[in-house]
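Step one of this worksheet: look at the structure below.
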Amino acid sequence: MKAKKIVFYILATVIVALWVAPFMISFFTSFKSMDELMMTRKWWAPPKEWFPSNFVTAWKDANMGRYFMNTFVITIPSVLGALFLSSLSAYALSWYKFKLSKFILMIFVGGMLIPFQMLLIPVYRFSVSIGIYDKFIGVILFHIAFQLGFCTFFLRNFMKTIPSSIFDAAMIDGAGHFTIYSRIVMPLVLPALAALGILEFTWIWNDYLWSLILIQSDKIKPITLGLVNLQGQWVTSWNTMAAGAIIAAVVPLFVFLLFQRYFIEGLTLGSVKG
């Protein structure tokens, strides 16, 4: 057993080191001067002199500040909209008894299996035809629509673990369906909702594909498209590009670290249910 533990910790350390190494290289690069980057090949080494001004350059001169705020404008409504609508649909598919419930659930799950690449041209043409192309609302609506299937499937599995006796008692006391949903179901699935919210925030924040298809104007581009512009304009300024990448990664990392307890609770919520 002791030998197994030693092997386990060695492998775990190697995996963590391989995972963290690119981030650390980018972090050190973002604080180095171009002279140091050109004169040394020790990418993994800390900078001899720290230059936080690289972040100021990326934020102001490379317009990362505007891309940063645009990403918030897209991500927050998309996450809230997806969670709200999916919680309603998951509640209905969990506790409403009607003939097409399983078929509707299959549609939600089946939509998750369609490759996004097959939908690029239809989504583009549809957004242009209804006048939401190159607008915040267009990206937000499509994010909500395409995340709705996974969110509904995820939340329905947790709602099914709630004992039906709770619903029966609430109905006997005269509670309506929306009262049961808002005051009983939602507090019980709050850990699962928090875990799902973290996943959705990370996915939508890091989205590149739908933003590329649905956005053309530079003034509303999110941070992922901004990094591509940064690569084109500052292609030889590796320190500025690394600083921009660090700026883009800070918010998802902060959100995960801040809510990781809820994330773990949400993932393990149904593991002890009978």
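Based on Cα contacts under 8 Å between residues 6+ apart, segment 100-254 shows a relative contact order of 27 percent. Rounded to the nearest 10 degrees, the angle from helix 223-233 to the longest Cα principal axis of the chain is 20 degrees. Here the label points at Met106 and Arg261, each 7 Å from Cα along the C-beta direction, are separated by 4.4 nm in the simple model. 3J(HN,Hα) couplings calculated from phi for segment 12-17 with the Karplus curve 6.51 cos²θ - 1.76 cosθ + 1.60 (θ = phi - 60°) are, in sequence order, 5, 5, 5, 5, 4, 5 Hz; Gly and Pro show x. Taking Cα atoms, how many degrees apart are the long axis of helix 136-159 and the longest axis of the chain, rounded to 10 and kept between 0 and 90? With both axes taken from Cα atoms, the answer is about 50 degrees. The mean accessible area for residues of the chain, using a 1.4 Å probe and ignoring ligands and nucleic acids, is 60 Å² per residue. Per residue, the Cα convex hull of segment 1-57 amounts to 93 Å³. Computed extension length for Met171-Leu85: 28.7 nm, one decimal, from 0.36 nm per residue of separation with the Cα-Cα distance subtracted. In this Cβ point-charge picture (+1 for Lys and Arg, -1 for Asp and Glu), the chain has a dipole of about 640 debye about its Cα centre.
Helical content alone sets the calculated 222 nm signal of the chain at -23000 deg cm²/dmol, taking -39,500 (n - 2.57) per DSSP H segment of four or more residues and averaging over every residue. When every alpha-carbon pair in segment 67-113 is counted, what percent end up more than 14 Å apart? That tail contains 63 percent of the Cα-Cα pairs. Three principal axis extents of segment 36-88 based on alpha-carbon atoms, in descending order, are 58, 24, 14 Å. Estimated from the Cβ-Cβ distance and a Förster radius of 45 angstrom, the FRET efficiency linking Val14 and Phe116 is about 0.85. With 5 Å bins beginning at zero, the pair-distance distribution over Cα atoms of segment 150-264 amounts to 2, 10, 14, 14, 13, 11, 10, 8, 6, 5, 4, 2, 1, 0 %. Compute a Gaussian network model of the chain, connecting alpha carbons closer than 10 Å, and tell me which residue from Leu37, Leu119, Leu199 fluctuates the most. Taking springs between Cα atoms under 10 Å, the residue moving most is Leu119.
Ignoring ligands, DNA and RNA, please state the percent of accessible area on segment 30-174 from carbon and sulfur, probe 1.4 Å. Looking at segment 30-174 in its full context, I get 69 percent from C and S. In µm²/s, what is D for segment 1-107 at 25 °C and 0.890 mPa s, where D = kT/(6 pi eta Rh) by Stokes-Einstein and Rh is the Kirkwood radius from Cα pairs? Roughly 126 µm²/s, to the nearest whole number.
The C-alpha atoms of the chain define a longest principal axis, and helix 190-205 lies at about 40 degrees to it.
When every Cα-Cα distance of the chain is counted in 10 angstrom steps from zero, the calculated P(r) takes the values 6, 21, 26, 23, 16, 6, 2, 0 percent. Take 80-90, 48-58 and order them by the average number of nearby Cβ atoms within 10 Å per residue, most first; the result is 80-90, 48-58. Using the Cβ-Cβ distance between Leu209 and Arg183 with R0 set to 41 Å, the FRET efficiency works out to roughly 0.60. Taking segment 13-45 and a reference point 7 angstrom along Cα→Cβ of Phe254, the backbone N atoms nearer than 18 Å belong to 27.
The values are calculated or read from the model by the stated rules, or taken from the named source; none is laboratory data. Predicted, not measured: the structure shown is a model, and the values here were computed from it. Using ideal geometry, Cβ is built from the backbone for each residue, glycine included, and neighbour counts are taken over all protein chains shown. Ligands, DNA and RNA are excluded from the accessible area calculation, which covers all protein heavy atoms including side chains. Shrake-Rupley method; radii C 1.70, N 1.55, O 1.52, S 1.80 Å.
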